[in-house]
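Asker: Just passing along the structure, written as structure tokens.
The values are calculated or read from the model by the stated rules, or taken from the named source; none is laboratory data. Everything quoted here is computed from the prediction, not taken from an experiment. Neighbour counts are summed over all protein chains in view; Cβ atoms, including those assigned to glycine, are modelled from backbone coordinates with ideal geometry. All accessible areas refer to the heavy atoms of the entire protein, side chains included, with ligands and DNA or RNA removed. Shrake-Rupley method; radii C 1.70, N 1.55, O 1.52, S 1.80 Å.
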Amino acid sequence: MIRHILRGSTARVLAASITLVLGVTLSACGPDNAHSAGDKSAGGGALPKIRVATAGKVPAYAEVVWGIESGIFKKHGVDVEMTPPAFGPDVANLIINGNAEIGVSNATLVASARDAGRPLVAIATSATPYRIQLVFTNETDQKLRGQGLSESSKMSDLLHALSGMTLGTYSAGSSVTGTFRYLLSESGINPEKDNIKLQPMPDNAAQIAAVANKRVDGVVTALGGSAAAIASQKSGVLWDLSKMSGNETLLKVSNASLLTSESVVGKSPEALQSFLDGYRETQKSLRAGLSAEDAARLKKLLGPDMDQGIYDQTMADVVHGFSDDYVTSEAQWDALVKISEILKGGPISVPYDKAIDNRFAMKVK
């Protein structure tokens, strides 16, 4: 089943990631399969357009890419296209400024936006838990293993072993950076006091180059980020915190949410519902397993230069993280607010019922 999703080749993620972060606009349009049985567009006329902001055509956004390529979104009555790659707060800006209707990102963006008086809302939690990954240089990996640590160790033991290291991260407002600082804090670690240097980097390409050239001891990333490229290049070794023991804190944090603005909710509720329904069907098709031909088509879009084994594992992890229930709980929101407070460096007071609109998620089957 899953193995049928994962046919392709993985050294290719490096080229794909570098292309992504250089901001090259990638075409998200696939064959028009819109006129299949039950297709809402079969009656003719222009479909409502949904522009989706993501970090680009990488495995983490397989649902968006495959939903477009396979015609599933059109079958549900919406014409979906991807914006040029956007990261962190830029996703929120695209939505608020009317340049995208949907963003696929972490809902910490909602907390920070609403704290600033901007009407962003989360309408679904599409993937959980948060998949923080550390990718160490080969030398650092050997050093850690020499201390008796491994991927099966307790997460807190690894975090305490980071003292004295320089780790590349994303920008200060990134949910990856905020979640990592949250994990450190929950383990009693203050990076500034405990000699862990977190070095902001603008994008995946910068992280890949920093590890390859040993300018850092490792990087903090997330599933679908620079990790697969670095592992494919064999310049570093990936440690997935979500797979380590003692990671209960991380399990409370949702990985990806579907974000929109109050304006879009008011003007286009039917289009939003259609998008969520198509998104869910796409996840189901990926979870059930694609045909060998379709899997090969998807790989050409998500990772044409990725090593097959790493692509397979990355896609398996992506599919495993699909949420069974799109409804965002108050407990999930509380964890996201704590992370947002770390990013802001101060308190945030954003009520759950203002930030989360579960009406659409509750209708998704």
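Asker: Limited to the stretch 338-365, what total is found for residues that are small (Gly, Ala, Ser) and in a helix (DSSP H, G or I)?
Answerer: Total satisfying the criteria: 3.
Asker: For the stretch 136-178, which positions are touching a strand residue (DSSP E or B) at 6+ places or on another chain (Cβ under 6 Å) and farther than 28 Å from ASN93 by Cβ?
Answerer: PHE136, THR137, THR140, ASP141, GLU151, LYS154, THR166
Asker: Then there is this: Do any helices (runs of 4 or more DSSP H) entirely within the stretch 73-154 hold 1 or more residues that are surrounded by fewer than 24 Cβ atoms within 10 Å (Cβ to Cβ), among the polar types (S, T, N, Q) and out of contact with any Leu (no Cβ under 7 Å at 6 or more places or on another chain), and if so, which?
Answerer: Per the criteria, 89-96, 138-146.
Asker: Restricting attention to the stretch 197-238, which residues are under 20 Å from ASN138 (Cβ atoms), assigned to a loop (DSSP other than H, G, I, E, B) and either at pLDDT below 90 or over 21 Å from the mean Cα position of the chain (by Cα) (or both)?
Answerer: ASN213, LYS214, ARG215, VAL216, ASP217, GLY225, SER226, LYS234, SER235
Asker: Now, a different point. Can you find a residue that is open to solvent by 20 Å² or more (accessible area, probe 1.4 Å) and without any contact (Cβ under 8 Å) to a residue 40 or more places away in the chain anywhere in the stretch 252-259?
Answerer: no
Asker: So how many residues does the stretch 309-337 have that are surrounded by fewer than 19 Cβ atoms within 10 Å (Cβ to Cβ) and in a helix (DSSP H, G or I)?
Answerer: Of the residues in that region, 7 qualify.
Asker: Follow-up. Looking at (1) open to solvent by 20 Å² or more (accessible area, probe 1.4 Å); (2) small (Gly, Ala, Ser); (3) farther than 27 Å from GLY266 by Cα, which one does ALA62 not meet, given that it meets all the others?
Answerer: The number of the failed condition is (1).
Asker: In the stretch 338-365, which residues are polar (S, T, N, Q), surrounded by 12 or more Cβ atoms within 10 Å (Cβ to Cβ) and over 21 Å from LEU223 (Cα atoms)?
Answerer: The one that is polar (S, T, N, Q), surrounded by 12 or more Cβ atoms within 10 Å (Cβ to Cβ) and over 21 Å from LEU223 (Cα atoms): ASN358.
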